[in-house]
Amino acid sequence: MSRVTESDERDLIEAAQNDPGRFAELYERNFHRVYAYIACRIHDRSERQDLTAHVFQQALANIGKFKWRGAPFVTWLYRIASNAIADQTRKKSREVTEVELTTNTSVDSDLEQIERRTRLFSAVETLPEDQRRVIVLRFGEEKSIREIAAELNRSEGAVKQLQFRGLENLRARLRE
């Protein structure tokens, strides 16, 4: 996966805003990230697929309203995903009986957790390429150190070091 520069990403967004048929490249570049983001929160495969499709339908429908604010495009997609997950949580909570509702964890708690995870994913996007890639493969795709080392053609020790540095950078960024 090649890293898209800010200028390249802006060009892709503007092209999609002018011609929705050009949205496909934004979809291709961001599909796995959005799916991994949702997969960390939704365990049912069918629901993950439906939510991922919904996120990209919403993004395509609203691409004309997207305003560049310097954050990566995927951050906007994470926000859409976060809202879709929250909507689904609210919908499910309405479907439970009143007795279950009183014992169910509060939706506010779920929303706070989603917000924290959104901030985390945004922070991951700011990591250096090697660290970001290791963090996404390790925690987003749940690959082992050995699998990551083979995929990146690095030693297991190098992958562990990149993971350590990436986690340290994330801790520092999330404290800010």
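The values are calculated or read from the model by the stated rules, or taken from the named source; none is laboratory data. Just so it is clear, the model here is predicted, and its values are computed rather than measured. Glycine also receives a Cβ, built like all others from the backbone with ideal geometry; neighbour counts cover every protein chain displayed.
Details
- Residue check, residue 55 out of contact with any Ser or Thr (no Cβ under 9 Å at 6 or more places or on another chain), among the aliphatic types (A, V, I, L, M), touching a residue at least 12 places away in the same chain (Cβ under 8 Å) and not assigned by TED's automatic domain parsing to the domain that holds residue 132: yes
- Residue 113, sole failed condition from (1) surrounded by 11 or more Cβ atoms within 10 Å (Cβ to Cβ); (2) at pLDDT 90 or above: (2)
- Any chance residue 71 is of a type in the set (Gly, Ala, Ser) and part of a loop (DSSP other than H, G, I, E, B): yes
- Of everything listed in (1) exposed (fewer than 15 other Cβ atoms within 10 Å of the Cβ); (2) without any contact (Cβ under 8 Å) to a residue 24 or more places away in the chain, the single unmet condition for residue 48 is (1).
- Leading residue by the ranking (modelled with the highest pLDDT) among those in segment 116-155 that are buried (at least 16 other Cβ atoms within 10 Å of the Cβ) and of a type in the set (S, T, N, Q): 131
- The single condition among (1) surrounded by fewer than 17 Cβ atoms within 10 Å (Cβ to Cβ); (2) in contact with a helix residue (DSSP H, G or I) (Cβ under 9 Å, 6 or more places away or on another chain); (3) closer than 27 Å to residue 43 by Cα that residue 171 does not satisfy is (2).
- Residues that are modelled with pLDDT under 90 and of a type in the set (D, E, K, R) within segment 66-98 comprise 67, 69, 87, 90, 91, 92, 94, 95, 98, listed in sequence order.
- Of the residues making up segment 7-18, one or more are under 19 Å from residue 133 (Cα atoms) and either of a type in the set (Phe, Trp, Tyr) or surrounded by 12 or more Cβ atoms within 10 Å (Cβ to Cβ) (or both).
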